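Here the structure comes first, spelled out in C-alpha cells, and everything after it is commentary.
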C-alpha cells in the first residue's frame with residue numbers, strides 16, 4: 001500500500017532512517033522509475049547552508065557514490081531524489097554472516113576509499129562512514145550513501161550534527177579541531193576491521209556516551225586482529241595500524257595511499273615501507289601467530305596468497321591447528337536464569353522472568369491483490385533484561401519487509417509490509433518471521449492470502465465499451481433528434497430513465513467482474529445523473545410530461561428496478577447480466593431509432 005503522494009513522487013516503502021532524515025522507496029510518476037527519496041529534516045536557520053551543500057553534492061558523479069538526481073522543496077519539505085540501489089548494506093551483511101571474507105572485505109574497502117578520494121578532490125568529507133552507510137549491489141559494487149553530514153572544506157557548510165561515535169576519529173571529539181580527510185580514513189579503517197572480524201577495535205560499555213568513547217580513544221590501544229582471528233598477515237595488521245593511528249601525523253593522509261596499500265596487499269605485493277615500519281609504541285605485543293612489527297626489526301614479507309585460475313584468494317588467513325577447546329561444565333538452569341535477569345532489588349523484589357510478548361500474536365494481512373502491498377504494525381515487548389535488548393530480525397519470507405530490522409529498546413513497534421508482487425501464484429500462505437534477542441528467539445506467525453488483481457481497462461474493453469455505448473445510445477439519439485418538440489417531450493422521460501438504469505446495471509456488472517474503480521465510477525456517475533434528471537422532470541408542473549410520458553416512464557422504472565434487485569442477489573453471475581444488458585440495450589436502441597426515423 002503506497003504511503004502517500006509527495007509532489008510527483010509516490011512513496012512506496014520505508015528504506016531506512018538516516019542521521020538527517022527518512023529515506024523512502026518512491027516512484028517518480030513522471031519518469032515512471034523507482035528512486036530513493038530522502039526527506040531531510042533541516043531547521044530554517046540551516047536551510048540555506050544545506051542548499052549550498054546540496055548543489056555541491058549534486059555534482060558528485062562516481063560509480064561508487066549514490067547518484068543525486070535532484071533536490072527540491074515540496075510542501076515545505078526538502079527532498080533529495082537519489083539513485084535507488086537494489087541491494088543490502090554492509091551492516092545487514094555482518095548481521096547475517098558474522099564477518100566477511102578477506103577478499104570481500106578488502107575489495108569493499110578499496111571501492112570505498114576510491115569513492116572518498118574522489119569526494120575529497122571535490123573538497124567534500126563524508127564524516128559518517130560506517131557499514132550502515134555502505135550499500136552493496138547484487139553484483140558486488142559498493143555505493144556510499146548518506147552525505148547528510150558531509151562537510152565542504154572550503155566553506156565549512158554542513159547539514160546535520162555529529163557522526164556515529166563508534167566510527168569517529170579522536171580529533172572529532174575535540175572542540176578545537178575539526179573533521180577533515182583523515183577522519184574518513186579512520187572511519188574506513190574501523191569499518192574494515194569490523195568486516196574482517198565482526199567486532200570493533202574499541203569497546204565501551206555506554207555506546208551512546210561520547211565521553212566514554214573519547215576516554216577510551218585517548219587511553220587505550222585498539223584490539224589486535226589476532227584477538228579475533230587465529231593468525232593474520234602482518235602486512236594487513238600494519239595497514240590497519242596506520243589507518244587508525246591516534247596521531248594524525250602518523251595516519252594515512254590521503255585515502256589514495258590507504259587504497260594503494262590495500263591494492264598491493266590484494267595482489268600479493270609488499271605494501272609501502274612507511275606502512276611496514278609503522279606500529280604504535282603503546283600497542284601491546286602481538287599474540288601468538290602475529291609477527292612483531294617493532295621499528296628496526298627485520299621484516300620478511302610472507303609468501304603471496306595462493307590464487308586459483310580465476311584469481312580468487314584461497315589462503316585468506318594462515319589457520320594453524322588450534323588446541324582443543326576445554327569442556328566447561330554447563331551451569332544449572334537456575335544459575336543461568338539468575339545471571340540473565342540480574343540481581344534482586346533492595347527490598348527483595350522478585351526478578352522478572354525473561355519473556356517476549358508480541359501484540360497481535362499473529363500478523364494476518366488478509367487478502368492482498370497481486371501487485372499491491374499491505375502494512376500492519378505489531379508491538380514487541382521484551383521483559384527481564386536490563387539495558388539494551390540487542391534484538392534483530394532473523395529468518396523471514398522473501399515477500400516480507402520489516403522495519404526496523406534491529407532495535408535496542410524493550411518496547412518497539414515493528415512495521416511489517418507484505419509485497420504481493422513478489423509472489424507468483426495466488427492462494428493462502430502461512431510463514432513466520434523470527435526475532436533474535438538476548439531474551440531468546442520468538443517466531444511471529446504470518447498469514448497472507450494473495451488474490452488476483454483487479455481487471456483493468458485492457459482486459460474488459462471488449463465488452464465494457466459496447467455496453468457503455470448501448471446504455472447511452474437511447475438518450476443521446478433522442479437529445480440530438482430534429483423531430484418536432486412534442487414528440488421529443490413524449491419520448492424523453494422514459495428514455496432518460498432507461499439509459500440511467502442501464503448504466504447502473506453496468507456499474508453492478510463491473511463490481512461483479514471486480515474491475516478497477518474507474519471502470520465502475522464512469523457508468524455510476526452517468527447513471528445517477530440521469531436518474532436525478534428524471535426525477536427533476538416529474539417534479540416539474542408541465543402537464544404535457546405527465547400526459548404523454550408519465551405512464552411509460554413508470555413502467556420502465558418498475559422493470560429496471562426489478563432487474564436491479566435480481567442482479568444484486570446474483571451479482572457473481574456478471575457475464576449473464578452483461579449478456580442481458582447487451583440484449584436490452586440493443587433492443588431499446590433499435591426501437592428508439594426506429595421511432596425517431598418514422
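Each value in this text was obtained by applying a stated rule to the coordinates, not by laboratory testing. Treat the numbers as computed from the prediction; the structure is a model and nothing was measured. When we count neighbours, we look across all protein chains shown, and the Cβ atoms used for this are built from the backbone with ideal geometry, even at glycine.
For the stretch 355-451, divide the Cα radius of gyration by the Kirkwood radius and give the resulting Rg/Rh value with two decimals. Before the final figure, lay out the partial values.
Numbers: Rg = 13.8 Å, Rh = 13.7 Å.
Result: Rg/Rh = 1.01.
Between residue 590 and residue 274, 0.36 nm times their residue separation minus their Cα-Cα distance comes to what?
104.0 nm
At residue 215 and residue 249, where each label point lies 7 Å from the Cα along Cα→Cβ, what is the point-to-point distance in nanometres?
2.9
How far apart, in nm, are the 7 Å Cα→Cβ label points at residue 422 and residue 554?
The answer from the label model is 6.4 nm.
I want to check the label-to-label distance for residue 227 and residue 388. Put each point 7 Å from Cα in the C-beta direction and report it in nm to one decimal.
1.6
Going highest first, how would you order 362-371, 435-444 by mean Cβ packing within 10 Å?
Peptide ranking by packing, descending: 435-444, 362-371.
Could you work out how much longer the chain between residue 409 and residue 359 gets when fully extended? Use 0.36 nm per residue separation minus the Cα distance between them, nm to one decimal. Don't skip to the answer; put the middle values down first.
Numbers: separation 50, 0.36 × 50 = 18.00 nm, distance 1.59 nm.
Going from the current span to full extension adds 16.4 nm.
At 0.36 nm per residue, and after removing the present C-alpha to C-alpha distance, how many nm does the segment from residue 451 to residue 267 gain when stretched out fully?
60.9 nm
For the stretch 355-451, what relative contact order do you get, as a whole percent, if you take Cα pairs closer than 8 Å and at least 6 residues apart? Before the final figure, lay out each step's value.
Details: 236 pairs, mean separation 36.3, N = 97.
Relative contact order of the stretch 355-451: 37 percent.
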